[in-house]
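J.: Sharing a structure here in structure tokens format.
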Amino acid sequence: MELSNTFEHGKAEEHWYQHWLDRNYFHSEPDGREPYTIVIPPPNVTGVLHMGHCLNNTIQDILVRRARLMGRNACWVPGTDHASIATEAKVVRMLRDRGITKSSLTRDEFLAYAWEWKEKYGGIILQQLRKLGCSLDWERTTFTMDPHYYDSVISVFNDLYNKGFIYRGKRMINWDVRALTALSDEEVIRRQTNQKLYHLRYLIEGTDEYITIATVRPETIMGDTAIAVHPDDERYKQYHGKRAIIPLVNRSIPIITDDYVTVDFGTGALKVTPAHDMNDNLLGQKHGLEVIDIFNDDGTLNELAGMYIGEDRIDARKKIARDLEQSGALVKTEDYSSEVGYSERTDAVVEPRLSMQWWIDMKKISDPALRAVLDEEIKFYPPKFRNLYRHWMENIKDWCISRQLWWGQRIPAWYDEAGNFVVAKNAEEALGLFHKQGNTSATAGSIRQDEDCLDTWFSSWLWPIEVFRGYSEPDNADINYYYPTNTLVTAPEIIFFWVARMIMAGYEYKGAKPFSEVYFTGIVRDKQGRKMSKSLGNSPDLLGLIDQYGADACRFGILISSPAGNDLLWDESANQQGAFFNNKIWNALKLVKMWEGRQADNVEGSADAGFAVDWFASRLAQARIQMDEQFRDFRLSEALKTAYSLIWDDFCSWYLEWVKPGFEQPISREVYTKTVRFFEELMQLLHPFMPFITEEIYHQLREKKEDLTVSLYPAQSKPDEEILGKAELLKNVITAIRDARNKSQLKPKDTIRLFIQPENKSDYTNLQGILSKQVNAVEFAFTSEAVAQSISGVTGKDRFFLVTTAPLDTSSQREQLQRDLDYQVGFLKAVEIKLSNERFVSNAKPEVVEMERKKKADAEAKIQAIREGLANI
């Protein structure tokens, strides 16, 4: 079949992905092989594919595809997260477009709409992962609201409650005024924000004196219940025990003393609003202060505020500032920058407030998870994230797990008419518990279930267990075979949300770690270093890029930019580089296929090609060892670069040129067979990174029954260091001679006679034929002295002389040699300065010093050769 001019990625992607699915290559069942298991970080059911997904899932696919090639039973489990806050927001928006409000619906009616939305849009991102080439076990697709998963979450809640790990309490929480739900500390993003600092004066009761406080939230003065000063602050000692009048409100509040107050911040006097600040609440508890909550759930002011009722808190801030100024209570305002908490999901400014919520006492379950990472039972890559993890775990706070939402696992608590509650798996069990407690009047109609649902992360912390039904069906074949999983690939920003909690759940419910390694990817940024986001307009359309460049080029582009575990600067030019690489490999295929019909036995010059074959076999073995080391350390970008250089430089630029037959000449059958085999092994090495073009080329090289994606790596061979050294010499000499020809303006068709003055003649054994062919030399000979009327050069300690009948421009040749001489003299001087530095010689590694000495010797040899060349012109 005639090959197309370029690789047609669209056709190949459609054909091969369907072929792999038809053959069921991605599905895994327990067997006698060693398993290799990855569970996908479940994308939100609301999600669409973006560059972060591209990086994360490309890395997972690389690891899984490589495991298959190594003969392991690879299982990569897909699925989606129900994403309570994000999904509920989408459903509310859909209803609004239909003229329906959430408040007009019952819970069951709303959930019916939510499931409708999920069925219509919830699988989009999984379909998009197919476009990227992800080899997921689609038969194992799991959703965190699947019946078995839902029941497991409810059961875990019951278990932790019965163990005394879950409790219900009224505490300060982070409140999302847009999503109308509590948030855990980890769901709050703290950002430096420019604000105004308002200096307000409070009248000291019974005097005409004032005390001035500084606040960024004047709209909360209606909730003030004290002013606090430091007991040792001389400025305010006369006010200890006195009272002050809140401006506009005209309510009297006490002036208290506490070491918590920072003397040199603001005015040194602090307004205390226990209902609306975490630290103020602690002060309030300590001093027995009244708590006045002036906000509604949506961030508007309520009746307790007494003014600006129904106004949004931000609008109220502007109005009260104006009114305070008019009353004379606003002393001044100044620009001020501080950290403000924003909702990770809605980006609304978070409101601290007192609220009755459900909590987990994390200290009771965190110790095994901390030890596992510190003892490296679970290894982090890069290791720097261990310290971050340790700091959080050693200072862990209780986790608020209740959310004021309907979409999610509903909290399994039931209340009787008196407000007493029980925790149970269902209403029938709850009723039995009420009766057991002595409330025999409780009936199915009189008890009610808690309206809240559980934090999404409370379900996803069971992910590595319950995707294999390890909680709902203990000791089944899948959980016993695939758990613990091998590698988790995730982003560092969810190390606390998810990674730490999965480790806790693993030890709590399986008595074992959930995974052995965690690879943290970097954040994808644009070339200006900005995080990609829709609001900045710098987040490209990934599906559009796949259509334009192909999935292989996009996978190449994201990974080639990705230093292990560090943020990466992505630019579309990386995809273009991937597309160029596709074309390079495709052109190599077309070249090799041209030789297919020109095979013959006993071909002249096959001994020269034999050296090339032996060299490339060793180079391939060397690269495989190198890539194995890089994979062990999760240096995947470096592994791709190793494969890239092996194919582009060693195979295409050197090997194929060395074995290429002359015009209309035959090629040795043995050399052709080995060349095809090399090409196949190269495609096997590259396959995890670029699956589509490699599978296509693998089949184009020769007819096969086996597919590349399930082929096995051949046994590792040992590279021949002597042959590798000779090949490096050959490449250096060819490059140096070509450079000398170019500088002397010799045309490629101009023949030369080549004379080499080597340090060791034996270095050139088996190289003469290839060398002569590559530099268009009609004669090759060794010499013990400089050759007159020649173009000279040097590589290492070997000198070469080119004799040609073509007319030479000796003046330009002299100028070029003089430039080369000036450079080498300067280079030698710099090396000599370094070697004359005793501190460098004594402190540097011996191999580094030896490298500098070699540079000195090489420079001296080149200088001598250039000077002799100048003398010979």
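J.: So which residues in the range 134-166 are in contact (Cβ under 8 Å) with a residue 12 or more places away in the chain, outside any helix (DSSP H, G or I) and under 31 Å from the mean Cα position of the chain (by Cα)?
T.: Listed by number, the residues that qualify are 134, 135, 136, 137, 141, 142, 143, 144, 145.
J.: So, residue 538, is that one open to solvent by 50 Å² or more (accessible area, probe 1.4 Å) and either touching a residue at least 40 places away in the same chain (Cβ under 8 Å) or part of a loop (DSSP other than H, G, I, E, B) (or both) or not? Step through it out loud before you land on a result.
T.: Numbers: open to solvent by 50 Å² or more (accessible area, probe 1.4 Å): no; either touching a residue at least 40 places away in the same chain (Cβ under 8 Å) or part of a loop (DSSP other than H, G, I, E, B) (or both): yes.
The answer is no for residue 538.
J.: Still on this structure: Before we move on, is residue 527 under 27 Å from residue 633 (Cα atoms), part of a loop (DSSP other than H, G, I, E, B) and touching a residue at least 60 places away in the same chain (Cβ under 8 Å)?
T.: It is false that residue 527 is under 27 Å from residue 633 (Cα atoms), part of a loop (DSSP other than H, G, I, E, B) and touching a residue at least 60 places away in the same chain (Cβ under 8 Å).
J.: State all residues of the range 31-83 that are modelled with pLDDT of 95 or more, out of contact with any Pro (no Cβ under 9 Å at 6 or more places or on another chain) and of a type in the set (Ser, Thr, Tyr); if no residue qualifies, say none.
T.: 36, 58
J.: State whether the residues of the range 580-590 include one that is in a helix (DSSP H, G or I), touching a residue at least 24 places away in the same chain (Cβ under 8 Å), touching a Ser or Thr at 6+ places or on another chain (Cβ under 7 Å) and surrounded by fewer than 21 Cβ atoms within 10 Å (Cβ to Cβ).
T.: yes
J.: Looking for whichever is buried (at least 22 other Cβ atoms within 10 Å of the Cβ) and in a helix (DSSP H, G or I) here; the options are 88, 109. Which one fits? Reasoning before the result, please.
T.: Details: 109 fails: buried (at least 22 other Cβ atoms within 10 Å of the Cβ).
Answer to the selection: 88.
J.: Which strands (runs of 3 or more DSSP E) sit wholly inside the range 739-816 and have at least 2 residues that are in contact with a Gly (Cβ under 8 Å, 6 or more places away or on another chain) and within 15 Å of residue 872 (Cα to Cα)?
T.: 791-795, 798-803
J.: Pick out the one residue from 440, 456 that is of a type in the set (Val, Ile, Thr) and under 32 Å from the mean Cα position of the chain (by Cα).
T.: Working: 440 fails: under 32 Å from the mean Cα position of the chain (by Cα).
Step by step, each of 440, 456 is checked, and only 456 is of a type in the set (Val, Ile, Thr) and under 32 Å from the mean Cα position of the chain (by Cα).
J.: Counting just the residues of the range 833-869 that are among the small types (Gly, Ala, Ser) and in a helix (DSSP H, G or I), which one comes out farthest from residue 757 (Cα to Cα)? Full working, then the answer.
T.: Of the residues in the range 833-869, the ones among the small types (Gly, Ala, Ser) are 836, 842, 844, 857, 859, 861, 865, 869.
Keeping just the survivors that are in a helix (DSSP H, G or I) gives 842, 857, 859, 861, 865, 869.
Working: 842: 36, 857: 17, 859: 17, 861: 12, 865: 11, 869: 13 Å.
My answer is 842.
J.: Right, another one. So, in the range 408-430, how many residues would count as being open to solvent by 40 Å² or more (accessible area, probe 1.4 Å), in contact (Cβ under 8 Å) with a residue 24 or more places away in the chain and in contact with a Pro (Cβ under 8 Å, 6 or more places away or on another chain)?
T.: Selection size over the range 408-430: 1.
J.: Please count how many residues of the range 691-738 are assigned to a helix (DSSP H, G or I) and open to solvent by 10 Å² or more (accessible area, probe 1.4 Å).
T.: As a first pass, look at the range 691-738 and keep what is assigned to a helix (DSSP H, G or I): 691-701, 708-710, 721-738.
Within this subset, residues satisfying the condition of being open to solvent by 10 Å² or more (accessible area, probe 1.4 Å) are 696, 698-700, 710, 721-726, 728-729, 731-732, 735-736, 738.
Of the residues in the range 691-738, 18 are assigned to a helix (DSSP H, G or I) and open to solvent by 10 Å² or more (accessible area, probe 1.4 Å).
J.: In the set 330, 289, which member is surrounded by 20 or more Cβ atoms within 10 Å (Cβ to Cβ), among the aliphatic types (A, V, I, L, M) and touching a residue at least 12 places away in the same chain (Cβ under 8 Å)? Working first, answer last.
T.: Numbers: 330 fails: surrounded by 20 or more Cβ atoms within 10 Å (Cβ to Cβ).
289 is the lone residue from the list that is surrounded by 20 or more Cβ atoms within 10 Å (Cβ to Cβ), among the aliphatic types (A, V, I, L, M) and touching a residue at least 12 places away in the same chain (Cβ under 8 Å).
J.: List the residue pairs whose Cβ atoms are under 7 Å apart, where the first residue sits in the range 848-861 and is closer than 12 Å to residue 835 by Cα, the second is in a helix (DSSP H, G or I) and open to solvent by less than 60 Å² (accessible area, probe 1.4 Å), and the two are 6 or more positions apart or on different chains.
T.: Listed pairs, sorted by first residue: 849/841; 852/831; 852/835; 853/835; 855/831; 856/828; 856/831; 856/835.
J.: Related question: Restricting attention to helices (runs of 4 or more DSSP H) lying wholly within the range 606-677, give those where 3 or more residues are open to solvent by 10 Å² or more (accessible area, probe 1.4 Å) and modelled with pLDDT of 95 or more. Please lay out each step first, then the result.
T.: Details: elements: 606-632, 636-645, 656-659.
Correct list: 606-632, 636-645.
J.: Still on this structure: Restricting attention to helices (runs of 4 or more DSSP H) lying wholly within the range 431-512, give those where 3 or more residues are buried (at least 23 other Cβ atoms within 10 Å of the Cβ) and in contact with a strand residue (DSSP E or B) (Cβ under 9 Å, 6 or more places away or on another chain).
T.: Working: elements: 456-460, 463-466, 477-482, 500-509.
Helices (runs of 4 or more DSSP H) meeting the threshold: 456-460, 463-466, 500-509.
J.: Of all strands (runs of 3 or more DSSP E) completely enclosed by the range 248-350, which ones contain at least 2 residues that are in contact with a helix residue (DSSP H, G or I) (Cβ under 6 Å, 6 or more places away or on another chain) and hydrophobic (A, V, I, L, M, F, W, C)? Break it down into steps so the answer makes sense when it comes.
T.: Working: elements: 252-257, 269-272, 330-343.
Per the criteria, 252-257.
J.: Go through the range 308-323 and count every residue that is at negative phi, open to solvent by 20 Å² or more (accessible area, probe 1.4 Å) and touching a Lys or Arg at 6+ places or on another chain (Cβ under 9 Å). Spell out how you get there, then give the answer.
T.: Of the range 308-323, the ones at negative phi are 309, 311-323.
Subsequent filtering for residues that are open to solvent by 20 Å² or more (accessible area, probe 1.4 Å) retains 309, 311-312, 314-315, 317-319, 322-323.
Restricting the remaining residues to those that are touching a Lys or Arg at 6+ places or on another chain (Cβ under 9 Å) gives 311, 317.
Residues that pass the stated criteria total 2.
J.: Another question about this same structure. Would it be correct to say that residue 169 is modelled with pLDDT under 95, over 33 Å from the mean Cα position of the chain (by Cα) and among the small types (Gly, Ala, Ser)? Steps first, answer last, please.
T.: Numbers: modelled with pLDDT under 95: yes; over 33 Å from the mean Cα position of the chain (by Cα): yes; among the small types (Gly, Ala, Ser): yes.
So residue 169 fits the description; yes.
J.: Separate question: State yes or no: is residue 181 touching a residue at least 60 places away in the same chain (Cβ under 8 Å), open to solvent by less than 10 Å² (accessible area, probe 1.4 Å) and within 30 Å of residue 392 (Cβ to Cβ)? Show your work before the answer.
T.: Details: touching a residue at least 60 places away in the same chain (Cβ under 8 Å): yes; open to solvent by less than 10 Å² (accessible area, probe 1.4 Å): yes; within 30 Å of residue 392 (Cβ to Cβ): yes.
Yes, satisfied.
J.: Of 273, 257, 207, which residue is open to solvent by 10 Å² or more (accessible area, probe 1.4 Å) and either within 26 Å of residue 351 (Cβ to Cβ) or within 52 Å of the chain's Cα centre (by Cα) (or both)? Spell out the reasoning first.
T.: Details: 273 fails: open to solvent by 10 Å² or more (accessible area, probe 1.4 Å); 207 fails: either within 26 Å of residue 351 (Cβ to Cβ) or within 52 Å of the chain's Cα centre (by Cα) (or both).
The match here is 257.
J.: Shifting gears a bit: Count, please, the residues in the range 741-767 that happen to be touching a residue at least 60 places away in the same chain (Cβ under 8 Å), open to solvent by 30 Å² or more (accessible area, probe 1.4 Å) and of a type in the set (S, T, N, Q).
T.: First, pick out the residues of the range 741-767 that are touching a residue at least 60 places away in the same chain (Cβ under 8 Å): 741, 743-746, 766-767.
If we keep only those that are open to solvent by 30 Å² or more (accessible area, probe 1.4 Å) as well, we get 743, 745, 766.
Retained after the next criterion (residues that are of a type in the set (S, T, N, Q)): 745, 766.
Total satisfying the criteria: 2.
J.: Output the number of residues of the range 543-582 satisfying the condition of being more than 16 Å from residue 643 (Cβ to Cβ) and not aliphatic (A, V, I, L, M).
T.: So the answer is 16.
J.: Which of the following residues is under 30 Å from residue 491 (Cβ atoms), open to solvent by 30 Å² or more (accessible area, probe 1.4 Å) and part of a helix (DSSP H, G or I): 53, 19? First the steps, then the outcome.
T.: Numbers: 19 fails: under 30 Å from residue 491 (Cβ atoms).
Answer to the selection: 53.
J.: Could you please find all residues in the range 796-807 being open to solvent by 60 Å² or more (accessible area, probe 1.4 Å) and out of contact with any helix residue (DSSP H, G or I) (no Cβ under 6 Å at 6 or more places or on another chain)?
T.: Of everything in the range 796-807, those that are open to solvent by 60 Å² or more (accessible area, probe 1.4 Å) and out of contact with any helix residue (DSSP H, G or I) (no Cβ under 6 Å at 6 or more places or on another chain) turn out to be 805, 807.
J.: Quick check on my filter: what residues within the range 354-371 are part of a helix (DSSP H, G or I) and surrounded by fewer than 16 Cβ atoms within 10 Å (Cβ to Cβ)?
T.: Across the range 354-371, the qualifying residues are 363, 364, 367, 371.
J.: Hey, can you tell me all the residues within the range 388-430 that are in a strand (DSSP E or B) and either at positive phi or of a type in the set (D, E, K, R) (or both)? Walk me through it before giving the result.
T.: Going residue by residue through the range 388-430, those that are in a strand (DSSP E or B) are 399-400, 402-403, 410, 413-415, 421-423.
Within the range 388-430, 403, 410 meet the criteria.
J.: Do you know which residues across the range 94-133 are over 25 Å from residue 457 (Cα atoms) and either within 22 Å of the chain's Cα centre (by Cα) or β-branched (Val, Ile, Thr) (or both)?
T.: Correct list: 100, 101, 106, 130, 131, 132, 133.
The values are calculated or read from the model by the stated rules, or taken from the named source; none is laboratory data. If you're wondering where the values come from, they're calculated on a predicted model, not measured in any experiment. Because the Cβ atoms are built from the backbone with ideal geometry, glycine has one as well, and the counts that use them run over all protein chains shown. The protein model used for the area step is the full one, side chains on, heavy atoms only, and it has no ligands, DNA or RNA in it. Shrake-Rupley method; radii C 1.70, N 1.55, O 1.52, S 1.80 Å.
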